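A.B. asks: This is the structure I have questions about; it appears just below.
What follows draws every value from the coordinates through simple rules; no lab data is involved. Given the structure is predicted, the values throughout are model-derived calculations rather than measurements. Glycine also receives a Cβ, built like all others from the backbone with ideal geometry; neighbour counts cover every protein chain displayed.
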């Protein structure tokens, strides 16, 4: 039986740092983000599809409006739509809860490897969620949407996290929950592990991890 301790030991042996996405990976915030997008869709008249918007997780809200415009041949004002979405999410943010399995991993890794957050959320939201869930004390570095101009699926978020941790990109492991996040990790030259519906899928890593 593979235990959490044996997985952590294997990670420590193979990597020099671990980077976690936030929404959908460490905290169960995606239902609140999706509800906010559904609210914005009702206000501005664009089509809302759960799977499509979940797949865009990790992309800043203003850039998602650009994706909506392209996909639906619209000309929505990115700032107006994003502000409505962000305000709706902010009103529900305090209901966000940690994801037990990944948080257990964070706590087990803390003090053994440097840890970072690489998120597409604005800094103010990321810090509020981390503080509200008690996770803020576990991470050496937090990289938000405010810190880079090229967001996921570009690898800059993770590369900046590695740089601030003073660890080579190839020595980092990323935990993510969306294809856009996986693509960003690959663009950064980092291994990644998927978090699917609150469970860590270790199948991409070699034994005994």
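A.B. asks: Can you tell me the 0 to 90 degree angle between the C-alpha axis of helix 30-44 and the longest principal axis of the chain, rounded to 10?
C.D. replies: 10 degrees
A.B. asks: Something else now. Among 142, 103, 129, which one shows the highest mean-square fluctuation when the chain is modelled as a Gaussian network with alpha-carbon springs under 10 Å?
C.D. replies: Looking only at 142, 103, 129, the biggest GNM fluctuation is shown by 103.
A.B. asks: Using only the alpha-carbon atoms, how far is helix 156-165 inclined from the longest principal axis of the chain? Give it as 0 to 90 degrees, nearest 10.
C.D. replies: Between helix and principal axis, roughly 40 degrees.
A.B. asks: Can you grab the distance from the C-alpha centre of segment 86-150 to the C-alpha centre of segment 8-35, Å, no decimals?
C.D. replies: 9 Å
A.B. asks: Tell me, what is the percent relative contact order of segment 41-90, built from C-alpha pairs under 8 Å that lie six or more residues apart?
C.D. replies: Dividing the mean separation by the residue count of segment 41-90 yields 34 percent.
A.B. asks: Separate question: Given the peptides 16-28, 170-182, arrange them by the average over their residues of other C-beta atoms within 10 Å, most packed first.
C.D. replies: 16-28, 170-182
A.B. asks: Turning to a different aspect of this structure: Can you give me the relative contact order of segment 1-124 as a percent, contacts being Cα pairs under 8 Å and 6 or more apart?
C.D. replies: Dividing the mean separation by the residue count of segment 1-124 yields 45 percent.
A.B. asks: Going by alpha carbons, how many degrees (0 to 90, nearest 10) lie between the helix axis of 61-72 and the longest principal axis of the chain?
C.D. replies: The answer is roughly 60 degrees.
A.B. asks: Subtract the Cα-Cα distance of residue 70 and residue 101 from 0.36 nm times their separation in residues, and report this length gain in nm to one decimal.
C.D. replies: 7.5 nm
A.B. asks: If you don't mind, another one. Using a Gaussian network model of the chain with C-alpha springs under 10 Å, which one of 199, 164, 43 is most mobile by mean-square fluctuation?
C.D. replies: Highest fluctuation of the listed residues: 43.
A.B. asks: Using the per-residue mean of other Cβ atoms lying within 10 Å as a proxy for protection, in what order, highest first, do the peptides 56-62, 78-84 fall?
C.D. replies: Most protected by this proxy first, the peptides run 56-62, 78-84.
A.B. asks: Rounded to the nearest 5, what % of the DSSP beta bridges within the chain are antiparallel ones?
C.D. replies: 20 percent
A.B. asks: In percent, what relative contact order does the chain have, based on Cα pairs under 8 Å that are 6 or more apart in sequence?
C.D. replies: 29 percent
A.B. asks: Here is a further query. If you work out volume of the Cα convex hull per residue in Å³ from the coordinates, which of (i) 169; (ii) 160; (iii) 107 do you get?
C.D. replies: Matching the structure shown: (iii).
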